[in-house]
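The values are calculated or read from the model by the stated rules, or taken from the named source; none is laboratory data. The structure displayed is predicted, hence computed values, not measured ones. Cβ placement follows ideal geometry from the backbone for every residue including glycine, while neighbour counts extend to all protein chains displayed. Calculation scope for accessible area: heavy atoms of the full protein, side chains included, ligands and nucleic acids excluded. Shrake-Rupley method; radii C 1.70, N 1.55, O 1.52, S 1.80 Å.
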Amino acid sequence: MLLSHQIKRKTRCFCPIREVIMSIMLRHILKRNSNSYIGRLASASASGRLFSWRRRRRTFCSEPQRESIQYDVVIVGAGPAGLSAAIRFKQLCRENDTDLSVCVVEKGAEVGAHIISGNVFEPRALDELIPQWRQEESPITVPVSSDKFLLLTKNHAFSLPCPFNNRGNYVISLSQLVRWMGVKAEELGVEIYPGFAASEILYDSNDTVVGIRTNDMGISKDGSKKENFQPGIELKGRVTLLAEGCRGSLSEKIMDKYNLREKGHAQHQTYALGIKEVWEIDERKHKPGAVIHTLGWPLDQKTYGGSFLYHMKDRQISIGFVVALNYQNPFLSPYEEFQKLKHHPAIKPLLEGGTVLQYGARTLNEGGFQSIPYPAFPGGAVIGCSAGFLNVPKIKGTHTAMKSGMLAAEASFGVLHKGSSMEKYWDALRSSWIWEELYRARNFRPAFEYGLIPGLAISALEHYIMKGRAALTLKHGKPDNEATNVAEFHCPIKYPKPDGVLSFDIPTSLHRSNTNHEHDQPAHLRLKDPKKPELVNLPVYAGPESRYCPARVYEYNPDETGQLKLQINAQNCLHCKACDIKDPKQNIQWTAPEGGGGPGYSIM
């Protein structure tokens with residue numbers, strides 16, 4: 001059965017790119033309070049032309065040409081790292097009485113629309129970036145009030161010593177935090193363009209990065225131009241910072257092109273898939289700031305993963321399930337394992353009588369210290385989760401992502417204002433508390449390559465006795481896609497049917513993600529070899545893409561002859577990137593769809 005999910009939402013509007021860019025320009029021009037600018041904009045609009053600018057310089061371009069806008073710094077991604085970089089850069093401009101321009105381009109329809117995380121927030125980086133945030137109306141209002149760590153069996157929960165030390169941290173919605181940060185960035189003069197997907201890196205004749213190009217819009221599935229076709233915009237920068245989040249498509253290309261993993265002597269990155277729901281529960285059960293983490297059931301002892309349950313404000317809780325993508329059994333479905341989890345006796349009573357408000361999923365980096373690439377390249381740097389600074393034992397990466405963005409901003413300012421090099425970013429990173437923190441945590445994740453019980457023993461030794469100072473650095477196992485076993489080594493897993501109360505089918509959950517894509521556009525999920533799903537994935541691995549995807553983008557359906565063929569429902573995509581990582585033969589390539597498409601998170 002074809003699952004083709006499309007939702008129309010009043011809050012999202014897919015406008016021609018030229019109209020959107022004109023409205024954004026007008027907003028910034030009004031802020032600058034210059035009548036001459038407004039007059040020139042009106043003139044350009046009336047004549048069907050668009051101007052591009054660098055600070056106060058304008059260049060008119062005729063209609064058929066691709067528009068180009070010049071900035072000092074171009075940042076791809078309005079997440080914690082990208083916005084921290086933008087804010088810190090503009091702070092340095094003010095401190096040094098200089099005017100340098102910063103643009104942030106974001107593929108979500110609005111800032112925060114694609115942001116999803118647990119999230120127990122450690123404010124260390126924010127204390128450095130915006131020291132007065134506690135005196136402002138920030139969305140950080142629920143301090144952690146309790147902290148529990150449980151080992152689950154099928155019917156019981158056993159309390160373990162809690163290693164997380166969340167005192168002084170806060171339970172937040174990360175999508176709400178980045179919206180607030182976006183406002184702070186704009187107050188400093190940062191120009192943010194939501195709804196624009198960066199699809200291509202721009203290079204000069206010396207192979208130096210000079211910016212990005214956004215997706216063309218108005219192209220149909222067959223590649224022809226529709227009536228509303230608009231060419232992508234070139235956003236050129238003297239420095240380009242890639243803050244796309246985990247498994248960023250442009251970041252991966254840059255790391256391959258400049259051999260940044262080899263240059264940084266890094267191992268391959270390892271990943272996990274996180275699936276999350278936000279519930280509204282009975283007020284009598286709600287304990288703002290309560291934090292629970294679990295290991296064990298429903299996963300087997302060879303599969304690393306666990307769950308989180310955080311009490312937010314307004315009777316809301318966030319509950320999620322994280323599965324390492326190096327799991328072996330191709331029949332495992334992370335989504336279905338999450339549905340099973342909610343029926344556990346330690347969790348079910350809390351959810352009963354509640355309502356699901358939102359659903360989403362995203363991959364996260366778990367490689368830690370061993371997998372940090374060399375982050376600088378000619379013309380820019382990779383920051384945040386695009387590089388991979390998640391602290392696995394803390395289950396936190398927002399504070400490290402923010403700090404990396406701040407360090408990259410300082411290096412970028414040095415390049416533009418003092419003539420230094422982006423290599424300073426690498427030096428600053430290795431001298432920062434990010435490096436020290438990840439070094440101490442480096443052996444936690446690879447310890448679980450030996451299974452759940454040995455992993456707990458080794459990580460406890462590291463945490464409580466060695467305190468991260470062990471002379472040995474453990475290595476990661478196989479890349480996640482190579483860890484998948486062939487189907488003949490495993491038995492199919494029979495998952496229970498959802499009850500519609502605690503557990504749900506994927507179409508129901510997908511509706512809660514507010515996911516939407518323009519249907520008539522080229523598929524952004526591309527097969528390098530279209531024959532491989534039927535020749536390899538299905539007969540050898542039993543079609544694992546139909547199970548690891550938390551949005552049922554991939555389905556095997558019979559054709560007119562009865563042969564099973566892979567159907568890609570790209571419009572369902574949550575932009576989690578699991579397929580780009582877990583496909584056994586790395587045959588699926590995730591690329592950016594038209595800007596503004598994808599999930600529409602508001603409280604994730």
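Calculated on the alpha-carbon coordinates, the convex hull of the chain measures out at 159 cubic angstrom per residue. Around the Cα centre of the chain, unit charges on the Cβ atoms of Lys, Arg, Asp and Glu (plus for the first two, minus for the last two) sum to a dipole of about 740 debye.
Counting only protein heavy atoms and a probe of 1.4 Å, the accessible surface of the chain is 51% carbon and sulfur. For the range 108-241, the solvent-accessible area with a 1.4 angstrom probe is 43 square angstrom per residue.
Each listed q (0.20, 0.21, 0.30 Å⁻¹) maps to a log10 I(q)/I(0) for the range 156-214, found by the Debye formula over equal Cα scatterers with no solvent: -0.95, -0.98, -1.13. Could you state, as a whole-number percent, how many of the C-alpha pairs of the range 389-514 are farther apart than 27 Å? Summing the P(r) tail past 27 Å for the range 389-514 gives 51 percent.
Please compare each pair in Lys107/Lys154; Lys394/Lys475; Lys253/Lys394; Lys396/Lys582; Lys467/Lys577; Lys226/Lys531 to a cut-off of 31 Å on the Cα-Cα distance and tell me which ones are over it.
Working: Lys107/Lys154 41 Å; Lys394/Lys475 19 Å; Lys253/Lys394 29 Å; Lys396/Lys582 22 Å; Lys467/Lys577 33 Å; Lys226/Lys531 29 Å.
Correct reply: Lys107/Lys154; Lys467/Lys577.
Pairs of Cα atoms under 8 Å, at least six residues apart: use those to get the relative contact order of the chain, whole percent.
Working: 1368 pairs, mean separation 117.2, N = 604.
Relative contact order of the chain: 19 percent.
Counting 0.36 nm for each residue step from His268 to Asp314 and taking away their Cα separation leaves a gain of 12.5 nm.
Taking Rh as the Kirkwood radius computed over C-alpha pairs, what is the Stokes-Einstein D of the range 88-174 at 37 °C in a medium of viscosity 0.692 mPa s, expressed in µm² per second? Provide the component values of the computation, followed by the final result.
On the way: Rh = 16.7 Å.
Using the Kirkwood radius from Cα pairs, D works out to 196 µm²/s.
Would you report the distance distribution of C-alpha pairs in the range 343-401 as whole percents per 10 angstrom bin, up to the bin with the largest distance? The percentages, shortest bin first, are 18, 31, 24, 18, 7, 2. Specify whether the C-alpha gyration tensor of the range 483-525 places it in the rounded, prolate or oblate class, a ≥ b ≥ c being the square roots of the eigenvalues: rounded for a/c under 1.5, otherwise prolate if a/b is larger than b/c and oblate if not. Oblate, because a/c is 1.5 or more while a/b does not exceed b/c. Karplus-based coupling profile of the range 501-507, in residue order and whole Hz: 10, 9, 10, 9, 7, 5, x, with θ = phi - 60° in 6.51 cos²θ - 1.76 cosθ + 1.60 and x standing for Gly or Pro. Dimensions of the range 472-566 based on its C-alpha atoms, expressed as ranges along the principal axes with the largest first, amount to 46, 39, 29 Å.
Between the range 310-336 and the range 113-172, the C-alpha centres lie 17 angstrom from each other.
Its relative contact order, with pairs defined as Cα atoms under 8 Å and 6+ residues apart, puts the range 462-584 at 27 percent. Applied to the range 378-393, the Karplus parametrisation 6.51 cos²θ - 1.76 cosθ + 1.60 on θ = phi - 60° returns per-residue 3J(HN,Hα) values of x, x, x, 7, 9, 10, x, 6, 4, 8, x, 10, 5, 8, 5, x Hz, with x for Gly and Pro. Size check on the range 294-337: the Cα extents along the three principal axes, sorted descending, read 39, 16, 14 Å.
On full extension, the segment bounded by Trp435 and Asp529 gains 29.9 nm, given 0.36 nm per residue less the C-alpha separation. Ranked from largest, the principal axis spans of the Cα set of the range 514-604 equal 41, 27, 21 Å.
Rounded to the nearest 500, the 222 nm mean residue ellipticity of the chain from helices alone is -7000 deg cm²/dmol, with -39,500 (n - 2.57) taken per DSSP H run of at least 4 residues. Would you give the gap between the C-alpha center of the range 248-279 and the C-alpha center of the range 512-535, rounded to a whole Å? Answer, in whole Å: 21.
Using only Cα coordinates, the Kirkwood hydrodynamic radius of the range 209-263 works out to 13.4 Å. Modelled label positions at Thr561 and His490, each set 7 Å beyond Cα in the direction of Cβ, lie 3.0 nm from each other. Mind jotting down the distance between the C-alpha centroids of the range 562-599 and the range 392-450, whole Å? The range 392-450 and the range 562-599 have Cα centres separated by 30 Å.
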